[in-house]
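Report on one structure; see the data block that follows.
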Amino acid sequence: MLKSICVYCGASMGKDEIHADVARQLAQEMVNENISLVYGGAHIGLMGVIADEMLRLGGEVTGIIPKNLLEKEVAHDSLTRLYIVKDMHERKAMMADLADGFIALSGGMGTLDELFETITWGMQGLHEKPVGILNVNGFYDSLFGLISHLSEQGFVQPRYADLLLTASEPKALLAKLRQAAPSDEMESKAYARFLI
Ligand code: AMP
């Protein structure tokens, strides 16, 4: 079940306003579907835009920020809850633990780092949560081109390349994530296996 989604996105706004518009649309869809937001806890760039819009619409937002970034990234002070953690590694692990799925919006190096770590954790079987990319106006076309190239060259198995979900608008991407998310029953079986 998709009750919370971790969104990775830029600590900058980007040059085209469409990126912020789509961040707001994603917030709207998530609130409509009663899905809470887990994210990096900052109040700048697209990170601030999606958190503000979720809160404005009455949604629930959990932020996780490393203490060395508290000032640099200007932590959001009105979140439902904000966790201050030791470092980037702890932030990424906690975001991944708290969420039932992941979406990358437009962003830079930090967003790509978080996205690829999440994908590779999935490849290693550390989670079975769906991962999606919101490809706004073809923003990530060149990334998909690169992934196809890596796959054609035998460095990425097609089944892993195919695991990455994508759509150009939030509603369609959420539908794909929902379809790919393990059901509650499967999750509790997986948890039971883990306990044994
Ligand atoms: P960016 O996409 O570069 O604007 O960064 C978006 C988010 O990723 C910000 O919260 C950054 O703190 C975070 N970030 C930046 N660099 C890294 C990194 N090396 N590892 C993990 N997260 C990072």
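For the range 43-172, the solvent-accessible area with a 1.4 angstrom probe is 52 square angstrom per residue.
Sorted from greatest to least, the principal axis extents spanned by the alpha carbons of the range 1-68 come out as 32, 31, 20 Å.
Since only H43, Q28, Q153 are under comparison, the one whose Cα sits farthest along the positive direction of the charge dipole of the range 17-175, derived from C-beta charges on Lys, Arg, Asp and Glu, is H43. Quick check: from the Cα gyration tensor, does the range 107-182 come out rounded (a/c under 1.5), prolate or oblate? It comes out rounded by the Cα gyration axes.
When the solvent-accessible area of the chain is split by element, carbon and sulfur atoms take up 54 percent of it, the probe being 1.4 Å. Ranked by the mean number of other Cβ atoms within 10 Å per residue, highest first, peptides 135-141, 80-86, 62-68 order as 62-68, 135-141, 80-86. In this label model, M1 and E128 are separated by 1.7 nm, measuring between points 7 Å along each Cα→Cβ vector. In terms of packing, defined here as the mean over residues of other Cβ atoms within 10 angstrom, the peptides 117-126, 1-10 line up highest first as 1-10, 117-126.
What FRET efficiency comes out for T80 versus N137 if R0 is 22 angstrom and r is the Cβ-Cβ distance? Round to the nearest 0.05.
On the way: r = 31 Å, r/R0 = 1.40.
E between T80 and N137, to the nearest 0.05, is 0.10.
Put simply, the amide H of Y8, placed in the peptide plane, has neighbours under 5 Å in I103, A104, L105, leaving out anything fewer than 5 places away on its chain. One chain, two ends: E169 and N68. Fully extended at 0.36 nm per residue, the span grows by 33.0 nm beyond their Cα-Cα distance. Counting 0.36 nm for each residue step from L57 to N32 and taking away their Cα separation leaves a gain of 8.1 nm.
The value of relative contact order for the chain, using C-alpha pairs under 8 Å at least six residues apart, is 23 percent.
Please give the charge dipole size of the chain, origin at the Cα centre, charges +1 on K and R Cβ atoms and -1 on D and E Cβ atoms. Round to the nearest 20 debye. Don't skip to the answer; put the middle values down first.
Values: 17 positive and 26 negative charges, 63 e Å.
Rounded to the nearest 20 debye, it is 300 debye.
Please state the equivalent ellipsoid semi-axes for the chain: what are the square roots of 5 times the Cα gyration tensor eigenvalues, largest first, in whole Å?
Values: eigenvalues 116, 87, 59 Å².
Equivalent ellipsoid of the chain: 24, 21, 17 Å, largest first.
The values are calculated or read from the model by the stated rules, or taken from the named source; none is laboratory data. All figures in this text were calculated on a predicted structure; none of them were measured in a lab. Cβ: placed from backbone, ideal geometry, glycine included. Neighbour counts: every protein chain shown. We work out accessible area using only protein heavy atoms, side chains counted, and drop any ligands, DNA or RNA first. Shrake-Rupley method; radii C 1.70, N 1.55, O 1.52, S 1.80 Å.
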